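Reading through the structure tokens given below for one structure.
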Amino acid sequence: MVRGMEKCRTSKLSISWSQGVRPTDPQAAAGSLSQRLGAHLRTATGPNPDANQRRAAARAVRIAPSLFFGRLPAAVHSKGGLFCFVRCIYTIQPSISSWDDCMTAERDVKKVVKTQFVPKKQRGDILQVNAAKVTAVGLFVTHRGQRCGVWQFGSRLHEALAADGRIEWYYVECADFQEFQTAAVATKPDVILANFHPSTMPWAAEGLRADGAVSFSVFHEASRASIAALQNRPFDILLCPDPTLIANDPGILAVPRFMPTPVKQLPPVPSVFTVGSFGFGTPGKGFEKLCALVNAQCNDARIRINIPPHDYPTIVSPEEITKIVDACRAAVTRPGIELDITHNFLDEPGLLDFLATNSINAFLYDDAPGRGISSCTDYALAAGRPIAVTRTSMFRHLSGVNPSICVEDRSLAAIAESGTNALEHYRETYAAAAAGAAWNSAILGALATRRMSRGVPDGRGFNKLLDDRSRAAYSGPLEDLRRLAPDMLERKIERANIQQAFALDAARRLAERFVAPRVLAIGSFEDTAVASLKALGYQIVEVDPQVDGRDLEEFYRDPSAGSEFDIVLCVSVLEHVPDDEAFVRQAAALLAPDGIAIFTVDFSERYPETGLRPAADQRLYTQHDLQSRLMGLLPDCALIDPPTWSDGAEDFEYEGCHYAFATWVFTRLPAEIMRYAESLKRELGGPPWKTLLAGEQLLYERRLAALEDALGVEVQRTERLTSSNTALENALGVELRRIERLRMDLRMDDSPRALRAVLPLARVIRSLMNLGRSSPPPGS
């Protein structure tokens, strides 16, 4: 071997390098390499390469510069030195014609880069830096066929994901399961991400699996209703590109939209008001409605609509396109309206140019409840022109734009006049770099949660039944309880201590996710997990009538209590609470965003039939209670991992009842998506404090009505007494006048006969006067 020259050969690729050149500008060198490699590929594949060769060429052009000049120099520069690398000369043999060949070549490039191109004295530091950034290997799987919205979405998504760098993504287009298996064996991925749609990848309907890989799928038709209707889930986790989605299910992740690279230099605004739109000719696109709207609102305007052919004529037939064109032409009746309909399949730059040359781009889709968000507005955002839409669920992510861009609210001219300032937030959030990083973060977060879930002592996650398997596996936490709270533990039922062991272990594990975590313990009296945590130095706010004199509602009512706790512990309490729904809502409301609640409850799937429960319990819980009834009350919370409550034995007996201990661990959603939960909260009657306020208002109104009724009774009684007193006063007046007459008669006739006549009358008068004194005065 000639000194200074080494070769790494495969049957398809030859890589040569020389130490003679030390370029100082890696990006310029990368561009030069891409041009040099592209020239070799054009020579190798001939003037008319097929689709596979074109994809292989594009892939190969990206391989070397991204590896050689993209990652490693950045690591070296961060160390303050200049990477002493060499110019590479890539020679691709004519036989290279498939993605598999390029993938093999990529592995060889990596091998040479890691072992030859990095000086030995720097190699350890550089590889350590790269290992810290690239944390997983991913395989992105999609179908073949570019004239399809799903394929275009997947192509843009892969580029956004690959740019982030934390996951090393391989891209493959497969026509069947065998091709996927070949790619999976070659790449050995940690993550599989399928750009799955039933109409384009029917062969993947049963899922895509590989040894040790977690399978993800893009859920294109994601909505609250469609997720609720899911029966079978062939993939481990579904990624839903819908920022309005509240993902309460641990198997569902909401991720942002993403748009192509924005147009940097917009052309001048057309002199004639120009309204543009595009899309495949599937039903409900509303092209004819757009033409009618422009015809109604404008005297002079131009309408530009591009309806490209679809790769699958069964989805969009030529006859359907003809009907749409005829309807559009029939809707334009004014002579000043020009209609221009084209059928060009535009690549991404061409489509953005098409949209950028319009005054406004409008999409008047019919409403389609249950459908996913349309990607047409992703391109429109990148084009940099104003956007108008209908108020449909397929544009729900733009419903909050203010001033409104909905044609139901304003005219096309008014929306165009407002400009694009209201859309800047969406452009920043959906930019490829930001969105790709967010998708990768969601995937890596799911992997971390999965590892954490499987890292608990029994390896069965956080939402499960605590049976004898757990009692054996949690021997360490049980021993910690004996060591840290021995006296308290002696007073407990031994087989029930697994609840406290789980709570102790879970609290310590999950607290590591927070900086200076705030911990709240509800019902903490005689709680060995809380006592052990305090013995370990944890600071805990306790709420218990026998500890601080308050129950949860009294604590929640305290103005000083807010959504501030990172961990909420509630062990073996919920089954004893009369109103468990109000209790759960108040406990969840005390969680900070991303905070975690740890509950254990008495559980029995047989309880609805048998009705058997310990005397101290208000109820026993079922899987439906935990997953549907109670979680349904918490629109801004989600289970921390998929539950396994159906896997376990009800092996605890007390007071003649057989049941189990279930764990229920959920997290509050991050702050940035909390506002989307407000509509769901309103459906449930608002947050707990509003429920309490409404209850107090109702109680006040009932008490006020009762007092008003009592006051009415008293008023009527007073009126009766007043009337009675008036009659007595009148009778007394009559009798007094009669007595006065009799006195005058006595003065004139002082005979015994007269006295005998007066005495009975005097007795009557005395009785009347006594009766008058005993009655309450009027109005009392």
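Structure above, values below:
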quantity: Contact order normalised by residue count of region 459-686, Cα under 8 Å, 6+ apart, percent; calculated: 25
quantity: GluC sites (Glu not before Pro) restricted to region 468-529 and DSSP loop, no more than 10 other C-beta within 10 Å; calculated: 512
quantity: Amide H within-cut-off set for residue 339, under 5 Å, with H built and near neighbours excluded; calculated: 303
quantity: Calculated diffusion of region 274-430, Stokes-Einstein form, Kirkwood radius summed over Cα pairs, 20 °C and 1.002 mPa s, µm²/s; calculated: 136
quantity: 5 angstrom amide H check on residue 274, placed H, neighbours 5+ away; calculated: 302, 359, 360
quantity: Under-5 Å amide H pairs with residue 169, H placed in peptide plane, nonlocal only; calculated: 138
quantity: Whichever aspartates and glutamates have a C-alpha closer than 16 Å to that of residue 464, once near sequence neighbours (fewer than 8 apart) are set aside; calculated: 249, 505, 602, 605, 625, 641, 647, 650, 651
quantity: Ratio Rg/Rh [Cα only; Rh per Kirkwood] for region 424-549; calculated: 1.13
quantity: Derived scalar couplings ³J(HN,Hα) [region 275-285; Karplus, 6.51 cos²θ - 1.76 cosθ + 1.60; whole Hz; x for Gly, Pro]; calculated: 10, x, 7, 7, x, 5, x, 6, x, x, 6
quantity: ³J(HN,Hα), Karplus 6.51/-1.76/1.60, whole Hz, each residue of region 458-464, x for Gly, Pro; calculated: 9, x, 10, x, 9, 10, 7
quantity: Relative contact order (%) - region 274-430, alpha-carbon pairs under 8 angstrom, separation at least six; calculated: 24
quantity: Surface/4 of the Cα convex hull for region 624-677, nm²; calculated: 4.6
quantity: Extension gain (nm, one decimal) between residue 209 and residue 767, 0.36 nm per residue minus Cα-Cα; calculated: 190.3 nm
quantity: Residue-span extension gain [residue 629 to residue 315] - 0.36 nm each, minus C-alpha spacing; calculated: 109.0 nm
quantity: Derived scalar couplings ³J(HN,Hα) [region 179-195; Karplus, 6.51 cos²θ - 1.76 cosθ + 1.60; whole Hz; x for Gly, Pro]; calculated: 5, 4, 4, 4, 5, 5, 5, 6, 9, 6, x, 8, 10, 10, 10, 9, 7
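No value in this document is a laboratory result; all are computed from the given coordinates. What you are looking at is a predicted structure, and each value in this text was computed from that prediction instead of being measured. Note that we place each Cβ from the backbone using ideal geometry, even for glycine, and neighbour counts take in every protein chain shown.
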